[in-house]
Amino acid sequence: EGKQIVINEQVNKEGVTIELIDAIKTDVNLTINYLQDIDPAIHERWGYVEAELYAIDNLGKKYELPYNGGTGIVDGDSSEDILWNATIHGLNPEATSITFYPFAHVSNSQSDNKRIDFEPITIELN
């Protein structure tokens, strides 16, 4: 059991949109659902996109967010439109807010790759 936190915030850059949809907070974990939505034109240069997050709470603790998995969006504009789910384990119970730092890795079959960093998104945990 946990408390749902509705987020519905998005950032975009260079044809990649990341939307933080919602989170479920328990005493020790925070699980977040987020969407990567890719402009089909991005496939002219990049074949693969992988959106990820890291976070820092208001007390300064940094969290990695390994994703639990993702599912493709049926009828999405791009084959790289994916709904991801990731969990912060060991969430500081004293934290009242957390800032997510979205980033994406884009790559192609020629071993070209690039990291795109997005504007941070802060949510209240209470």
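The values are calculated or read from the model by the stated rules, or taken from the named source; none is laboratory data. Since the model is a prediction, treat every value here as computed from it, not as a measurement. Backbone-built Cβ (ideal geometry, glycine too); neighbour counts: all protein chains shown. Surface areas here come from the heavy atoms of the whole protein model, side chains and all, with no ligands, DNA or RNA. Shrake-Rupley method; radii C 1.70, N 1.55, O 1.52, S 1.80 Å.
Give me a comma-separated list of calculated 3J(HN,Hα) values for region 21-38, in order, Karplus coefficients 6.51, -1.76, 1.60 applied at θ = phi - 60°, integers in Hz, x for any Gly or Pro.
Karplus values, whole Hz, x for Gly and Pro: 8, 7, 9, 10, 10, 10, 4, 10, 10, 9, 9, 10, 10, 9, 10, 9, 10, 10.
With +1 assigned to the C-beta of every Lys and Arg and -1 to the C-beta of every Asp and Glu, and no other charges, what is the dipole magnitude of the chain about the Cα centre in debye, to the nearest 20?
Numbers: 8 positive and 22 negative charges, 82 e Å.
Value, rounded to 20: 400 debye.
On the full set of protein chains, 1.4 Å probe, figure out the accessible area of Glu9 and give it in Å² to the nearest 10.
Per-residue accessible area (Glu9): approximately 90 Å².
Between Glu124 and His89, what length comes free when the chain is fully extended (0.36 nm per residue of separation minus the Cα-Cα distance, one decimal in nm)? Intermediate results must be reported in sequence, preceding the final value.
Numbers: separation 35, 0.36 × 35 = 12.60 nm, distance 1.74 nm.
Gain in length upon complete extension: 10.9 nm.
Check cross-link reach from Lys114 to the lysines: straight Cα distance under 22 Å, and skip same-chain residues fewer than eight apart.
Qualifying lysines at Cα under 22 Å: Lys13.
List the equivalent ellipsoid semi-axes of the chain in whole Å, largest first, each obtained as the square root of 5λ for an eigenvalue λ of the Cα gyration tensor. Write out the running numbers ahead of the final one.
Details: eigenvalues 152, 42, 28 Å².
Listed largest to smallest, the semi-axes of the chain are 28, 15, 12 Å.
With a 1.4 Å probe and every protein chain left in place, work out the accessible area per residue of region 46-126 in Å², rounded to a whole number. Show your work: numbers first, answer last.
Values: 4340 Å² over 81 residues.
Per residue, region 46-126 has an accessible area of 54 Å².
Can you tell me the length gained on complete extension of the stretch Asp75 to Lys62, counting 0.36 nm per residue apart and subtracting the Cα distance? Walk me through the numbers before you get to the answer.
Details: separation 13, 0.36 × 13 = 4.68 nm, distance 3.57 nm.
Going from the current span to full extension adds 1.1 nm.
What part of the accessible area of the chain, given as a whole %, is carbon or sulfur when the probe is 1.4 angstrom? Intermediate values should be presented prior to the final figure.
Working: 3060 of 6910 Å².
Solvent-exposed carbon and sulfur of the chain make up 44 percent of the total.
Which of the lysines could be linked to Lys3 by a straight reach, that is with a Cα gap under 24 Å, when you skip same-chain ones fewer than 8 residues away?
Excluding near neighbours in sequence, the set is Lys25, Lys61, Lys62.
Where the centroid of each part is defined by its Cα atoms, how far is region 77-126 from region 28-47 in Å?
Answer, in whole Å: 9.
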